[in-house]
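Okay, so here's the structure we're looking at.
The values are calculated or read from the model by the stated rules, or taken from the named source; none is laboratory data. Worth saying up front: this structure is predicted, and the values here are computed from it rather than measured. Cβ atoms come from the backbone with ideal geometry, glycine included; neighbour counts cover every protein chain shown.
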């Protein structure tokens, strides 16, 4: 074991204690035997240096025995030099996970407990050499000096290989079987490829798609290429050949069987290890034969139709019918292709959620068998994952349902009075709820059930904003919007309304929170205490009945939410409300820069439908070729996360070329974007995913186009 610094004698420590205790104290004369204490600790222990090399300074005898290594071979050397990855282990993530944990300790100066980690150990040559499978439960603990700096790191671990190998895998097997069934249903199979040793691993679904004979495996990329049609092998090899950078691969190819011709669409993503080398690629292959055959049939039909234009009318009519049939087959194939991709995506999301649940339950089971009682964090983790799964299910249900509103004249005052008892019980004893109802109000035209749900949502939000008590006021009044626009109520059209307001004396809202309050899934509440759907559902309902919603709030000065409800005119009818009209373009030209073809195509199609002219670019370099020309551009819509030069860098260059050009960013990381960057004039940002209507409204707002 390495030399440990002396800590002094027990006698001096006892003498100090005697100053704070009454009664006689027995003093021990012997100094601490630090080596004996170090060796007596139950875990397998290492002492590592507090630098990026993580040099081993000391090791317990138990640690040396457990890892089949001598002290002379490890002390003074980096832990990653001595305990490297198993070259036969394709995952090869043990070293990367350990380094990430040690670096977190250096950064946070706090202990870091790692999840159960697979890290194989080299065997003695006398035992046959090679590596043996080991699983470890480690924790890394910093040792701090008087100034709080990390002087060294104690790496403690337990060998849990036996427990891991003996654990019941029934739940995990069930989850894997469900995932495999979903993949088979969608005609999709998955693979992992490790460029370092060239090994390739296919799941059963992909083996079935490839129709491999019983017992045959494709364990290398070269053998996989043999399954590809000779005319397509070069493009597949080229797509996977660039190992110098992490990249996404998208390629379509045929299999090497002439009848029937089978097409696969392959998508893969590369991942780097701790040394910034390409460690492996994970991907999926989907059978798109039906779609490609339909496309080929459509092309053949179009050619034949052109050739037969001068023939008899009956012949032409027959060909048109065949074309229509082929187009329907193509649409059906595309629909099934989309269903397959959706199935794979849902299976992937649920598999991640199940991993969180199963892993937490597994750890709870192990701790319970050891008699530990502190299981709260594992319960919380499992519940959180389960709630996320439930939220995903609700989103799928909402996606598949079309809601028809029961519009009728509603006495808003009477509805508030009928809910007063329920709202009082909801708010609790430390919150006073009062109503201030206007007189001689006309009936509002809306769905009473939906308005009740909206009121309950608003009162619950007000209650949550006053954890220490306060006042909530529900008020009603008449309101008339004239023909002069009000900057504070943009979007409120001319007419008569019933104004329903819910006001609290709570913590209030910052301006940036107000801006995002109606965004689906945005919430300032802790995880598990809010879905972020309440206000967005209220907003959607009010918009659907052609009303208006407004928030007035300041930090620590309460919040008022105003609902402008349209007055009912005419007889009571059941009708389906037309959706809100979006701004229409007048020929303005918009440059769309998006590396994802599907997203780019969708955005372009929406803009074209709205009356805008569009230009497309898949990356920054393509966009610059357009902006350097004399082409008219009124607005640039750009993704932030572009390959190579990102959207923010592109905007800086384009604004130098075209000062004053309006720029709308789209990003999945809007919070970090706003925190690290300052938007210039005529620039805005939207968070992905966004509703098409919201996107259209934002574009119209930036271009100043009127509603159609």
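Side notes on the structure shown:
- In the stretch 640-665, the residues that are on the phi > 0 side of the Ramachandran plot and outside the structural domain of residue 630 (by TED's automatic domain parsing) form no Cβ pair under 7 Å with any partner that is modelled with pLDDT of 90 or more and surrounded by fewer than 21 Cβ atoms within 10 Å (Cβ to Cβ), whether six or more places apart or across chains.
- Residues being more than 30 Å from residue 421 (Cβ to Cβ) and out of contact with any strand residue (DSSP E or B) (no Cβ under 9 Å at 6 or more places or on another chain) - total across the stretch 446-498: 7
- Of all residues making up the stretch 65-82, the number that are in a helix (DSSP H, G or I) and either in contact (Cβ under 8 Å) with a residue 60 or more places away in the chain or under 15 Å from residue 35 (Cα atoms) (or both): 3
- Output for the stretch 468-523, where each listed residue is assigned to a loop (DSSP other than H, G, I, E, B) and at positive phi: 469, 491, 508, 521
- Which numbered condition residue 95 misses (of (1) at pLDDT 85 or above; (2) part of a helix (DSSP H, G or I)): (1)
- Identity of the residue in the stretch 181-206, in a helix (DSSP H, G or I) and surrounded by fewer than 17 Cβ atoms within 10 Å (Cβ to Cβ), that ends up modelled with the highest pLDDT: 204
- Test for residue 702: is it in a helix (DSSP H, G or I), touching a strand residue (DSSP E or B) at 6+ places or on another chain (Cβ under 7 Å) and at pLDDT 85 or above: yes
- Residue that is surrounded by the fewest Cβ atoms within 10 Å (Cβ to Cβ) [pool: residues in the stretch 592-609 that are touching a helix residue (DSSP H, G or I) at 6+ places or on another chain (Cβ under 6 Å) and not in a helix (DSSP H, G or I)]: 594
- The number of residues in the stretch 209-232 that are surrounded by fewer than 16 Cβ atoms within 10 Å (Cβ to Cβ), under 21 Å from residue 195 (Cβ atoms) and at pLDDT 85 or above comes to 4.
- Any hit, the stretch 481-493, residues being closer than 30 Å to residue 442 by Cβ and in contact with a helix residue (DSSP H, G or I) (Cβ under 7 Å, 6 or more places away or on another chain): no
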